[in-house]
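**Student:** Okay, handing you the structure first.
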Amino acid sequence: MGLFLFIIGIIGWHIGMYGMFKKAGIEAWKAFIPFYNTWLIVEKCQIKKYWFWLQLIPIMGQFITIWITIMFTMEFGKVNVIHHTLATLVPFIYFPWLGFSEKTRFVGHSVILNYKKPSSREWVDAAVFATVAATIIRTFVFEPYVIPTGSMEKTLQVNDFLFANKIAYGQRIPRTPLSFPFVHNLLPMSQTPSYLKWLQLDYKRLPGYTEVKRNDVVIFNFPEGDTVINLPEYGSARPYYSALRNLGFLNPDDLDRARAGVKGIGEVRYPNVETLKGVLQENKLLLVHPYDKADNYIKRCVGVAGDKLQVKNGVLYINDEVGFTPENSQITYEIKAEKKKYNLTEWNKNFGINIRNDQEYKELRTSVEDALLNNGVASVSLTKDDVAKISKIPGILSVKTVYDSFNAYYAQNIFFPFDSTNFHNSLDNYGPIEIPKKNTTVTISASNISLYKRIIESYEGHSLETRADGIYIDDKKATSYTFKYNYYWMMGDNRHNSQDSRFWGFVPETHIVGKASLIWFSWDGGPRWNRIFKSIK
């Protein structure tokens with residue numbers, strides 16, 4: 001559909017230019033020659049020649065071309081904002097009308113010389129220019145992003161404000177170009193989509209694309225965020241697909257509240273998946289996003305296409321070698337302490353930090369102080385440096401990690417690929433798996449199809465069915481599959497508190513947004529001055 005509309009748009013634009021050229025005294029057939037046609041418009045409208053060359057700049061140049069054609073319409077006496085809006089949004093309809101309507105004629109450059117914009121129009125033009133420029137920058141150059149959760153602690157902290165560098169991996173052409181500016185997928189203060197699906201473009205990146213490198217910190221569209229439960233407390237935080245697997249997020253008895261307009265539904269298990277699907281669809285509580293409008297996530301790319309990945313007792317292995325461990329990464333430790341009371345000043349002194357407002361340290365102090373007071377056990381996310389400091393505090397008996405082991409229910413319902421028969425995965429013991437690589441062919445069978453099912457169906461657009469006599473792709477029996485895209489494996493630096501690829505699988509190259517490059521501001525009750533303008537490693 002998107003390709004069809006694109007072709008119609010191109011044809012309509014050139015047909016319109018044919019008629020306009022004829023009226024303007026330019027040989028009409030020249031309207032069909034790319035770039036030469038805009039050169040002739042520049043000459044006819046007495047526009048500075050450098051504007052022609054500027055339109056050859058990728059992305060920005062398309063908007064300059066629009067401006068050149070608007071200048072051409074002004075020589076037909078069309079100077080108000082309505083006509084210029086039509087020339088911008090529906091040129092394939094507006095230009096043919098200008099070119100072939102008996103009510104329009106070419107009046108020449110004198111119209112522009114004698115035209116004086118009203119002050120209101122100056123404000124409109126300035127606002128439009130600022131919106132267009134900011135949209136181009138946000139879409140193709142860099143985009144501000146704020147860290148919402150602690151999954152990357154302490155490499156990145158909650159309320160770190162950073163830039164996503166969209167040039168690093170090649171600018172991605174938006175799949176969904178018809179979108180409200182400056183917002184991602186929902187209009188402000190609402191659950192209403194901020195985009196229209198009338199036009200959907202195929203995946204493409206501009207020339208200069210480079211592959212994601214292992215250990216880059218990457219911003220990407222959440223793979224399972226293509227379908228979400230459209231209520232504020234759900235979305236990507238409590239994913240729809242996870243609800244289907246666990247049947248533990250929603251309560252059918254609470255749908256009367258949803259119908260009555262009460263936001264939120266309860267926590268009692270559904271009897272079966274079909275009941276859950278039916279209830280959500282009946283009440284229009286599902287929202288299906290194009291992949292470029294799924295929520296943005298940020299994680300570290302620990303494995304690239306073609307890598308072998310495994311986690312053993314919490315240690316990441318890539319291609320059978322110990323993987324990169326970020327300097328400030330943290331995991332959960334179990335702290336045991338004897339009954340002994342510490343005041344805040346002594347705790348900070350022994351722990352080696354200043355008293356400050358960081359929420360993480362408030363929680364840390366509270367947890368450990370409770371353990372000290374009650375001779376209990378505290379589970380706390382810590383870096384290795386934190387562990388070394390805490391171990392030296394009088395009254396601390398032990399600080400150790402307890403690794404997660406295989407549990408059939410969790411392997412079936414929590415950990416990708418949700419197949420406890422063939423994959424015995426847990427948080428700290430995962431794999432081994434191989435990350436799919438473009439143009440690589442793998443053998444598929446009942447024992448591994450769960451690993452590739454979502455790739456084949458959702459990311460690469462095929463139908464897949466497992467029958468008694470084998471696996472069928474697009475209704476053809478298949479024993480192998482060749483990947484169309486490269487895939488990546490993302491994990492948070494806060495390994496025990498991160499919703500990452502262990503929970504939803506591979507990230508296709510189509511979903512890569514950009515590289516996290518710089519923290520430009522950070523806030524926790526006040527500026528974190530030591531984090532401002534800090535590069536991300």
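The values are calculated or read from the model by the stated rules, or taken from the named source; none is laboratory data. None of these values were measured; they are calculated from a predicted model. Here the Cβ is made from the backbone with ideal geometry for all residues, glycine too, and neighbour counts use every protein chain on show.
**Student:** Got a number for residues in the range 62-112 being of a type in the set (A, V, I, L, M, F, W, C) and free of Cβ contacts under 8 Å to residues at least 40 places away in the same chain?
**Tutor:** The number of residues fulfilling the criteria is 13.
**Student:** I'd like the full set of residues that are part of a loop (DSSP other than H, G, I, E, B) and surrounded by fewer than 18 Cβ atoms within 10 Å (Cβ to Cβ), limited to the range 308-325.
**Tutor:** Asn313, Gly314, Asn319, Asp320, Phe324, Thr325, listed by residue number.
**Student:** Looking at Arg531 and the list (1) in the same structural domain as Asn165 (by TED's automatic domain parsing); (2) touching a strand residue (DSSP E or B) at 6+ places or on another chain (Cβ under 8 Å); (3) buried (at least 21 other Cβ atoms within 10 Å of the Cβ), which single condition is not satisfied?
**Tutor:** Just one mismatch for Arg531, condition (3).
**Student:** Scan (1) closer than 30 Å to Gln330 by Cα; (2) at pLDDT 95 or above; (3) basic (Lys, Arg) for the single condition Arg495 breaks and write down its number.
**Tutor:** (2)
**Student:** Collect the residues in the range 81-100 that are at pLDDT 90 or above and either in contact with a Ser or Thr (Cβ under 7 Å, 6 or more places away or on another chain) or surrounded by fewer than 14 Cβ atoms within 10 Å (Cβ to Cβ) (or both), keeping them in residue-number order.
**Tutor:** The answer is Leu98, and nothing else.
**Student:** May I ask you to verify whether Tyr297 is assigned to a helix (DSSP H, G or I) and at pLDDT 75 or above?
**Tutor:** Numbers: assigned to a helix (DSSP H, G or I): no; at pLDDT 75 or above: yes.
When the stated conditions are applied, Tyr297 does not pass them.
**Student:** Same structure, new question: Exactly one condition in (1) at positive phi; (2) at pLDDT 85 or above is false for Lys284; which is it?
**Tutor:** The one condition Lys284 does not meet is (2).
**Student:** Name every residue in the range 168-193 that is part of a loop (DSSP other than H, G, I, E, B) and touching a helix residue (DSSP H, G or I) at 6+ places or on another chain (Cβ under 8 Å), in order of residue number. Write out each step before concluding.
**Tutor:** Of the range 168-193, the ones part of a loop (DSSP other than H, G, I, E, B) are 168-171, 173-178, 180-185, 187-192.
Once the filter is applied, which keeps residues that are part of a loop (DSSP other than H, G, I, E, B) and touching a helix residue (DSSP H, G or I) at 6+ places or on another chain (Cβ under 8 Å), the range 168-193 yields Gln171, Pro174, Arg175, Thr176, Pro181, Phe182, His184, Asn185.
**Student:** With the condition being buried (at least 18 other Cβ atoms within 10 Å of the Cβ) and free of Cβ contacts under 8 Å to residues at least 60 places away in the same chain, I'd like the strands (runs of 3 or more DSSP E) fully within the range 399-511 carrying at least 1 qualifying residues.
**Tutor:** Because the criterion is at least 1 residues that are buried (at least 18 other Cβ atoms within 10 Å of the Cβ) and free of Cβ contacts under 8 Å to residues at least 60 places away in the same chain, the strands (runs of 3 or more DSSP E) in the range 399-511 that meet it are 464-467, 470-473, 480-482.
**Student:** Could you check the range 450-476 and list, in sequence order, the residues that are touching a strand residue (DSSP E or B) at 6+ places or on another chain (Cβ under 6 Å) and either of a type in the set (Val, Ile, Thr) or on the phi > 0 side of the Ramachandran plot (or both)?
**Tutor:** Correct list: Ile456, Gly470, Ile471, Ile473.
**Student:** Identify the residue in the range 380-395 that is of a type in the set (A, V, I, L, M, F, W, C) and surrounded by fewer than 19 Cβ atoms within 10 Å (Cβ to Cβ) and, among all such residues, is farthest from Met152 (Cα to Cα).
**Tutor:** Checked the range 380-395; the qualifying residue farthest from Met152 (Cα to Cα) is Ala388.
**Student:** In the range 152-167, what count of residues is obtained for those that are crowded, with 21+ Cβ neighbours inside 10 Å and within 14 Å of Trp520 (Cα to Cα)?
**Tutor:** Number satisfying all stated conditions: 4.
**Student:** Within the range 75-103, can you find the residues that are of a type in the set (Val, Ile, Thr) and more than 22 Å from Ile47 (Cα to Cα)?
**Tutor:** Those that are of a type in the set (Val, Ile, Thr) and more than 22 Å from Ile47 (Cα to Cα): Ile82, Val90, Ile93.
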